[in-house]
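These notes are about the structure you will find just below.
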Amino acid sequence: MKRLFRHFRAGAVALALATWLPGAALASSTADHSKFESLKGPFTSAPEVTKACLACHTEASHQVMKSIHWTWDFTNPDTGKRLGKTRTMNSFCGSPLSNEPRCTSCHAGYGWTDARQPPEPVQQNVDCLVCHDRSGGYKKVATDAGHPLYEPRTMGGKTVMPPDLAKAAQSVGDPGRDNCGACHFNGGGGDAVKHGDLDSSLVKPSRKLDVHMAADGANMTCATCHTFNDHIPSGSRYDTAAKDPHGLDLPKDDHNRATCESCHGDTPHHEAKLNDHTDKVACQTCHIPEFARGGIATKTLWDWSTAGRKDADGKAIFIKDDHGHLSYSAEKGDFEYGENVRPTYHWHNGVTDQVNIGDKIDDSQILRLNTLHGDARDPDSRIWPFKEMRGKQPYDPVLKTLVVNHVYGRDDSAFWGNYDYAKSIKFGMEYAGLPWSGQIGFIETRMTWPITHMVAPKEDALKCGQCHTRGEDGRLAQLPGFYMPGRDSIAWLDILGYLALAGALGGVLLHGLARIVMNRKTRHD
Amino acid sequence: MIKRDVMIYTRYERFWHWSQAVLIFTLFFTGLGIHGTHSFLKFGQAVTIHTYAAYALMALWVFTTFWNFTTGQWRQYLFKKGIIKVIRFYAWGILVGEPHPYKKSLQRKQNALQSLAYMTFMVIIGPALWLTGIAYLFYNEWAGQSWAVDGLWFVAVAHTVAAFAMGTFVIIHIYMTTTGKTPLHYVKTMITGYDKVELSEVEEAYLAETKSVEMR
């Protein structure tokens, strides 16, 4: 009965949301920003626009400065470890340190040129437009520490014009998919590179690609789920919500809708047996059968150890594969890519250990850059899908730490241009103020990225038999520690069982044969 | 003594027997599918059919237990002497044309071996299946316990063992139905309900008078 009631309630809420969401997308503001004199410009720099915004939105910059979008600083509440882009290593680019104007182009501010220090708390250095520009014209240029272009610039043989700041300022509104995507779709240095479930195909996704964000689906934006509270976003990869015991957010809102349960509850299916899975299996596991489904390949391997090769003429080598992807870059090494990638699955309780720059590492085995906690016996764990990223990256084989590689800059040490690890790592480690033995080795790394976007329509969800199978290719064939019907059995017990059946069958057949052969009447009366 | 066609399996008993047979075949087939032995069905389909069939069989057993006790038929399953003779008969006597060492009567429908086999079926194999089956079906109600991971292993293994035992029982049971006067005699009896039973004159007169058991 309780179940039935919950079921009904979940349905009612889903219905309420379904009718409410498109309305929210159309809701108009009581202010038309194109009518404000102060936004008509002309603006010579983006901070001037911010200043104009802050004249009315007096608290906005203070709020943003507390968010991870500004601080790049996060203390993991589970492990107590201080994380953030300037500390925590990944298997893609390495460290932003010594590469600032390039890497801090995705900082939600302007002019953060030295990431060894926190960004200066200058109010007008907060970038309002990157999130709120709805003209589509505003863009942070990749190399200017968060600033957009102010003059035309030739890049890759093309002249790129600066954005119309006044037009952008007058267009502001709630962030769209393209706003968040400007940075988050390009994590790792390019479209789709890092996450696998976040790329530019999500700006205008089909229903098949993302049932929530598709225009003919729920037409949601990122922030529909990633609720912002005073400019603080919800949802985190450092501190994952592997299970949301709060469940439905209405009528009691926890102001964090970045879990499926927030809208769908924990018993969202019509079939009770499916609901029986939600305590152990994350929604994403069945409902995101593959990632990188939008036609843009994600990087699955990045091997820095081969970087720096030049041809006979001394020219840096770049090789493209049949699909036009770089398979080798002298700047970055070897790459592999994947589209429609089947995730790997692990138990996860939301606690993750990250490796920071400077941490002692064990180089006797493959280095896990993030170690997931959780197992089958842990009530807080569920089975989650992940993108498994394979890497090989420079480290110090004497001091046993990862190293800062200075890749970007117009100096004689930057790897991109000089192709000399000895110089670029020396520069990077000195810049970061970290000890370095002078030795360079390469260590194989693995990194697991939780898959949670690109939710498919329900008809494309995994079928029971894709996990419940004896087959080697079963989705959970490698996941240990629990009994799963259809996958597991005890070999000797099965043999005994089949022997019993076969023995009985053989026995009665022999007996019957004996009766026929003896050819006697077997009447009993 | 007179031999008469007497209704020894009443309508409910036959309904019980045949519906139980269908359900057990369904459960065994879908169960093997869930177990991964074959893949004639999709896993989800197999689970759905298995679950409904299990509920149906449990309901049938509740009714039948009620029927067994209200009619007193449960006594048919009690232990009887002479089991060695019956085993000896099926092992050897049946091959050389010896008569069956047991005589069917209204109060003794089953021989000693039958009673023992059915008793095992009803108090060991059956309950082992439905107890572990219910635990399996309602796994989520105890999944939060600290022992749930080991508990599920135990439940799954015990259910599998009992299912193999049931399969073995059914194979032998079906073969035994061919050991009557003719290979199909017992099957016919279980369909029509009538079998030839020796009655004393007193018994015959009593049954004819009271019509407590049908005769033809």
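For the residues B:209, B:214, B:141, the requirement of being closer than 16 Å to residue B:5 by Cβ and of a type in the set (Asp, Glu) singles out B:214.
Residues of region B:58-83 being farther than 16 Å from residue B:115 by Cβ, of a type in the set (A, V, I, L, M) and surrounded by 13 or more Cβ atoms within 10 Å (Cβ to Cβ), which ones? Selection gives B:58, B:60.
Listed by position, the helices (runs of 4 or more DSSP H) inside region A:28-95 whose residues that are touching an Asp or Glu at 6+ places or on another chain (Cβ under 8 Å) number at least 2 are A:46-56. Would you say residue B:171 is surrounded by fewer than 16 Cβ atoms within 10 Å (Cβ to Cβ) and over 30 Å from residue B:2 (Cα atoms)? Spelling it out, it is not the case that residue B:171 is surrounded by fewer than 16 Cβ atoms within 10 Å (Cβ to Cβ) and over 30 Å from residue B:2 (Cα atoms). Being at the interface with chain A (Cβ under 9 Å from one of its Cβ atoms) and either in contact with an Asp or Glu (Cβ under 7 Å, 6 or more places away or on another chain) or at positive phi (or both) is not true of residue B:156. Residue A:422 falls short on exactly one of the conditions (1) surrounded by 19 or more Cβ atoms within 10 Å (Cβ to Cβ); (2) within 30 Å of residue A:114 (Cβ to Cβ), and that condition is (1).
Among the residues of region B:124-142, is any under 14 Å from the mean Cα position of the chain (by Cα) and within 9 Å of chain A (Cβ to nearest Cβ)? No, the conditions are met nowhere in region B:124-142. Can we say residue A:156 is farther than 27 Å from residue A:389 by Cα, out of contact with any Ser or Thr (no Cβ under 8 Å at 6 or more places or on another chain), of a type outside the set (A, V, I, L, M, F, W, C) and modelled with pLDDT under 95? Judged against the criteria, residue A:156 is a match.
Considering region A:54-91, the residues that are free of Cβ contacts under 8 Å to residues at least 24 places away in the same chain and among the hydroxyl-bearing types (Ser, Thr, Tyr) include one that is farthest from residue A:393 (Cα to Cα), namely A:58. Looking at B:79, B:40, B:121, B:66, just one residue is out of contact with any helix residue (DSSP H, G or I) (no Cβ under 9 Å at 6 or more places or on another chain) and of a type outside the set (D, E, K, R), and that residue is B:66. Of everything listed in (1) among the charged types (D, E, K, R); (2) without any contact (Cβ under 8 Å) to a residue 60 or more places away in the chain; (3) buried (at least 19 other Cβ atoms within 10 Å of the Cβ), the single unmet condition for residue A:139 is (3). Evaluate the following for residue A:215: is it surrounded by fewer than 18 Cβ atoms within 10 Å (Cβ to Cβ) and either out of contact with any strand residue (DSSP E or B) (no Cβ under 7 Å at 6 or more places or on another chain) or under 27 Å from residue A:54 (Cβ atoms) (or both)? In short, yes. Between residues in region A:104-119 that are within 14 Å of residue A:73 (Cα to Cα) and residues that are of a type in the set (Lys, Arg), which pairs lie under 8 Å by C-beta distance while being six or more apart or on different chains? Cβ pairs passing all conditions: A:115/A:85. Reported count of residues in region A:275-307, each being at positive phi and surrounded by fewer than 19 Cβ atoms within 10 Å (Cβ to Cβ), is 1. Among residues of region B:84-105 being touching a residue at least 24 places away in the same chain (Cβ under 8 Å), crowded, with 17+ Cβ neighbours inside 10 Å and among the hydrophobic types (A, V, I, L, M, F, W, C), the one that is nearest to the other protein chains (Cβ to nearest Cβ) is B:94. Just one residue in the set A:153, A:102 is basic (Lys, Arg) and within 23 Å of the chain's Cα centre (by Cα); that residue is A:102. Against the numbered list (1) farther than 30 Å from residue B:137 by Cα; (2) at pLDDT below 95, residue A:478 comes up short only at (1). Checked against (1) more than 30 Å from residue B:3 (Cα to Cα); (2) more than 19 Å from the chain's Cα centre (by Cα); (3) surrounded by 18 or more Cβ atoms within 10 Å (Cβ to Cβ), residue B:163 meets all criteria but (2). Using the structure shown, decide if residue A:317 is surrounded by fewer than 19 Cβ atoms within 10 Å (Cβ to Cβ), modelled with pLDDT of 95 or more and of a type in the set (Val, Ile, Thr). Yes. Here residue A:112 clears all of (1) in a helix (DSSP H, G or I); (2) surrounded by 21 or more Cβ atoms within 10 Å (Cβ to Cβ) except the condition numbered (1).
If residue B:213 meets every condition in (1) outside any helix (DSSP H, G or I); (2) of a type in the set (Val, Ile, Thr); (3) within 14 Å of chain A (Cβ to nearest Cβ) apart from one, which number is that one? The single condition residue B:213 does not satisfy is (3).
Filtering A:300, A:221, A:278 for residues that are of a type outside the set (Gly, Ala, Ser) and farther than 30 Å from residue A:482 by Cα leaves a single hit, A:221. Take the residues in region A:482-497 that are surrounded by fewer than 17 Cβ atoms within 10 Å (Cβ to Cβ) and within 7 Å of chain B (Cβ to nearest Cβ), then tell me which one is nearest to the chain's Cα centre (by Cα). Residue satisfying both the conditions and the ranking: A:490. Is it the case that region B:138-157 has a residue that's in contact (Cβ under 8 Å) with a residue 40 or more places away in the chain and surrounded by 14 or more Cβ atoms within 10 Å (Cβ to Cβ)? For region B:138-157, residues in contact (Cβ under 8 Å) with a residue 40 or more places away in the chain and surrounded by 14 or more Cβ atoms within 10 Å (Cβ to Cβ): absent. Number of residues in region A:115-136 that are of a type in the set (A, V, I, L, M) and either in a loop (DSSP other than H, G, I, E, B) or surrounded by fewer than 21 Cβ atoms within 10 Å (Cβ to Cβ) (or both): the value is 2. Using the structure shown, decide if residue A:192 is of a type outside the set (Val, Ile, Thr) and surrounded by fewer than 22 Cβ atoms within 10 Å (Cβ to Cβ). No, not satisfied. Checked against the criterion of being in contact with a Lys or Arg (Cβ under 8 Å, 6 or more places away or on another chain), within 7 Å of another protein chain (Cβ to nearest Cβ) and either outside any helix (DSSP H, G or I) or surrounded by 13 or more Cβ atoms within 10 Å (Cβ to Cβ) (or both), the candidates A:475, A:446, A:470, A:515 yield just one match: A:470.
The values are calculated or read from the model by the stated rules, or taken from the named source; none is laboratory data. Source: prediction; values computed, not measured. Reconstructed Cβ throughout: ideal geometry from the backbone, glycine too, with neighbour counts over all protein chains shown.
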